[in-house]
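Chemist: If you scroll down you'll find the structure; I have some questions about it.
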Amino acid sequence: MCHYIESICIEKGQIQNLSFHNKRFNTTRKELFGSSTFINLENYINAETHFERTKCRVIYDQEIIDVSYQPYKLPSINNLSLVFDNEINYKYKSTDRNRINQLFDLRNDADDILIVKNGLVTDTSFCNIALWSGMEWETPAKPLLKGTRREQLLGDYTIKERNIYLEDIYTYNRIRLFNAMIQFGEIDLMINKFTLKNTIHINS
């Protein structure tokens with residue numbers, strides 16, 4: 001059975017972006033299970049004892065099933081393999097990552113993948129992205145998953161939504177990867193033939 005996940009960053013004993021996690025968590029419960037009871041994740045998370053960056057993983061369906069904690073190390077990402085898949089769907093953050101994992105396994109010698117769906121750039125295997133236009137940071141308007149940090153960055157006008165077509169990607173000069181655990185700017189790559197490599201079509 002498929003369950004759903006909130007991956008929450010704890011740092012210096014504080015839960016990061018709690019309101020955005022609560023919103024997505026309760027929206028998922030309502031849309032998939034018809035649950036209208038609000039649950040505050042803060043009541044289920046022991047943050048005070050975690051001072052280093054820690055990944056809190058909440059597994060749930062209609063109710064919370066499990067809460068676990070793991071020290072987090074920033075991954076080393078230096079290049080991405082372009083993968084085309086027009087059928088992939090990951091609207092809800094779930095434990096079923098089979099399709100994403102299949103695409104990730106095709107990356108050859110790249111560190112991660114950048115998924116293109118119907119001609120539009122979306123996400124990597126575990127991050128939302130933003131690209132620098134020379135004037136502003138633009139993020140795909142149709143990501144696979146609307147991440148909590150993405151929502152926070154949109155809310156404070158750090159990034160702006162736009163449909164980003166693959167043929168336009170080299171008009172940008174930098175790409176940033178981010179998610180609940182990775183701060184905006186911690187993974188920042190120049191866009192060139194060395195950072196975007198290979199082209200793999202699954203279905204198109």
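What follows draws every value from the coordinates through simple rules; no lab data is involved. It should be emphasised that the depicted structure is a prediction, and the values quoted were computed from it without experimental measurement. Here the Cβ positions follow ideal geometry from the backbone for every residue, glycine too, while neighbour counts run over all protein chains shown.
Chemist: For the chain, what does the helix formula give at 222 nm: sum of -39500 (n - 2.57) over DSSP H segments with n ≥ 4, over the residue count, nearest 500 deg cm²/dmol? Could you put the intermediate results ahead of the total?
Modeler: Details: 3 runs with 31 residues, N = 204.
My calculation for the chain gives -4500 deg cm²/dmol from helical runs alone.
Chemist: Another question about this same structure. Give the calculated FRET efficiency between residue 96 and residue 197 to the nearest 0.05, with a Förster radius of 25 Å applied to their Cβ-Cβ distance.
Modeler: On the way: r = 28 Å, r/R0 = 1.12.
So, using R0 = 25 Å, E works out to roughly 0.35.
Chemist: As an exercise, use a Förster radius of 45 Å and the Cβ-Cβ distance of residue 109 and residue 38 to find the FRET efficiency, rounded to the nearest 0.05. Please report the intermediate quantities before stating the final value.
Modeler: Working: r = 46 Å, r/R0 = 1.03.
After rounding to 0.05, the efficiency reads 0.45.
Chemist: Are there chymotrypsin sites (Phe, Trp or Tyr not before Pro) in segment 116-164 that DSSP marks as loop and that have at most 11 other Cβ atoms within 10 Å, and which are they? Don't skip to the answer; put the middle values down first.
Modeler: Details: sites: 126, 132, 137, 157; in loops: 126, 157.
Here the chymotrypsin sites (Phe, Trp or Tyr not before Pro) that fit, given the DSSP loop and packing criteria, are 157.
Chemist: Would you work out if segment 89-155 is rounded, prolate or oblate? Take a ≥ b ≥ c from the square roots of the eigenvalues of the alpha-carbon gyration tensor; rounded if a/c is under 1.5, else prolate when a/b is larger than b/c, oblate otherwise.
Modeler: oblate
Chemist: Enter the angle in degrees (range 0 to 90, nearest 10) between the Cα long axis of helix 18-33 and the first principal axis of the Cα atoms of the chain, meaning the one along which they spread out most.
Modeler: Between helix and principal axis, roughly 90 degrees.
Chemist: Hey, another quick one. Using 0.36 nm per residue of separation minus the Cα-Cα distance, give me the extension gain between residue 67 and residue 156 in nm, one decimal. Before the final figure, lay out the partial values.
Modeler: Working: separation 89, 0.36 × 89 = 32.04 nm, distance 2.92 nm.
Net length gain for the segment: 29.1 nm.
Chemist: Hey, another quick one. Filter the trypsin sites (Lys or Arg not before Pro) in segment 1-105 to those in DSSP coil with at most 15 other Cβ atoms within 10 Å of their Cβ, and list the result. Let's see the in-between values first.
Modeler: Numbers: sites: 12, 23, 24, 29, 30, 53, 55, 57, 73, 91, 93, 97, 99; in loops: 12, 53, 73, 91, 93, 97.
Sites meeting the loop and neighbour criteria: 12, 73, 91, 97.
Chemist: A further question on this structure: If contacts are Cα pairs under 8 angstrom and at least 6 residues apart, what is the relative contact order of the chain in percent?
Modeler: On the way: 402 pairs, mean separation 43.4, N = 204.
Result for the chain is 21 percent.
Chemist: For the chain, which span is the longest to avoid every loop-located (per DSSP) member of GluC sites (Glu not before Pro) having at most 15 other Cβ atoms inside 10 Å?
Modeler: Working: sites that count: 48, 52, 63, 87, 136, 186.
With a cap of 15 other Cβ atoms within 10 Å, the longest stretch comes to 137-185.
Chemist: Equivalent ellipsoid semi-axes for segment 1-47, as square roots of 5 times the alpha carbon gyration tensor eigenvalues: give them largest first, rounded to whole Å. Mind showing how you got there, number by number?
Modeler: Working: eigenvalues 92, 25, 15 Å².
Value: 21, 11, 9 Å, ordered largest first.
Chemist: Right, another one. Between beta-carbons, use under 9 Å as the cut-off and find the net charge around residue 189, counting Lys and Arg +1, Asp and Glu -1. Before the final figure, lay out each step's value.
Modeler: On the way: positive: 174, 176; negative: 188.
Residues near residue 189 contribute +1 overall.
Chemist: Take the residue pairs 93/142; 117/193; 55/93; 91/160; 73/93; 146/193 and return only those whose Cα atoms are more than 26 Å apart.
Modeler: Numbers: 93/142 15 Å; 117/193 20 Å; 55/93 15 Å; 91/160 20 Å; 73/93 21 Å; 146/193 28 Å.
Flagged as over cut-off: 146/193.
Chemist: Okay, moving on. If I build a Gaussian network model for the chain, linking alpha-carbon pairs within less than 10 angstrom, which residue out of 85, 156, 188 has the largest mean-square fluctuation?
Modeler: Of 85, 156, 188, the Gaussian network model singles out 156 as fluctuating most.
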